[in-house]
Structure formats: C-alpha cells, structure tokens
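One structure, as structure tokens, below. Some questions next.
The values are calculated or read from the model by the stated rules, or taken from the named source; none is laboratory data. These figures come from a predicted structure and were not determined experimentally. For neighbour counting, all protein chains shown are included, and Cβ atoms are generated from backbone atoms with ideal geometry for every residue, glycine included.
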Amino acid sequence: MLIRSFRLGDYSAITRIWNETGLEETDSESFDALAKQLAWDSDLVMVAELDGEVVGVVVGTVDGTRAYFYRLAVLPGKQGTGIGRSLVEALEKRFKQRGVNRVLIMVNQDKPEVLPFYHSLGYKVQKYITLSKKLSS
C-alpha cells in the first residue's frame, strides 16, 4: 500500500469513495471545499493506493499548533484492513513536522460505530458542543 499526496487525477476516485461511504453531500460543495484545501495546503490531502487503485482518502488542515482532519474514508470492501489507520498515521506525521501538538476531529452523532476506530488511535471524546451556521453566498 502506498500513502501519498492527492493528485488531480484522484478526484473521481475519492468522490466515489465518499459516495460509497455516505460522506458525499453534493458534487459542487465537495469540489469547492477540496479546491480550497488544495490551494491552502495540498500536502494535507492524502490518499491510499493499493495495486494502482485509490482506496482511501483523508483531508487535513492546520490552524497554528492545532490540526484537524475530516472526510476520512476507505472503500467499504477495504475497511478493516488498516488503510484508515495508515492514512491517519501518515497525516499525523505531517502534522508533527509542522509543529502541531493537538489534533481535533468531529464525528457525526449518527455514526457512533466509528468511535472504537478513533479510540484505537488514541483519540478521546471531549465534552464540547459543536454549533454551526451556514452563511448564504
């Protein structure tokens, strides 16, 4: 397995992965968010490649000494094989190289089944409430 930075040719593969794992909202929203992250810091968008096929993706961002990652997804048929763990560990390594000392993630309350995976990586549930507001464009 190869963990590497995203390349433009990976876009259709990662949107397929997001679709198959239920992470896709709309094509335009995903493309815009991904384009902004790539413009900001393309080294923090990483993919897992197995036998020439992109099978996993994670998107990270850094804010000072804190980092975040989101949209971690692995093709359903490849889940449970260590791909997600490898993606997170590779991204954490890049975070450390940038002086990050804390990584934060958000998990959808409708997906509690992913919590054991994150716990196995050392992530702990915090007592925060996340609020959001969509601003019209």
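Are any residues in the stretch 84-120 more than 15 Å from Y70 (Cα to Cα) and surrounded by fewer than 16 Cβ atoms within 10 Å (Cβ to Cβ), and if so, which ones?
K93, K96, Q97, R98, G99, N101, D110, P112, E113, P116, H119, S120
If the Cβ limit is 6 Å and pairs must be 6+ apart or interchain, which residue in the stretch 45-56 that is among the β-branched types (V, I, T) pairs with which residue that is assigned to a loop (DSSP other than H, G, I, E, B)?
Pairs found: V45/F6; V47/F6; V55/L75.
Going residue by residue through the stretch 16-34, is there one that turns out to be more than 26 Å from S132 (Cα to Cα) and more than 16 Å from the chain's Cα centre (by Cα)?
no
As an exercise: evaluate V107 against (1) in a loop (DSSP other than H, G, I, E, B); (2) β-branched (V, I, T); (3) modelled with pLDDT of 95 or more and give the number of the one condition it does not meet.
(3)
Something else: For the stretch 98-132, enumerate the residues that are more than 16 Å from the chain's Cα centre (by Cα) and of a type in the set (F, W, Y).
Residue satisfying the conditions is Y128 alone.
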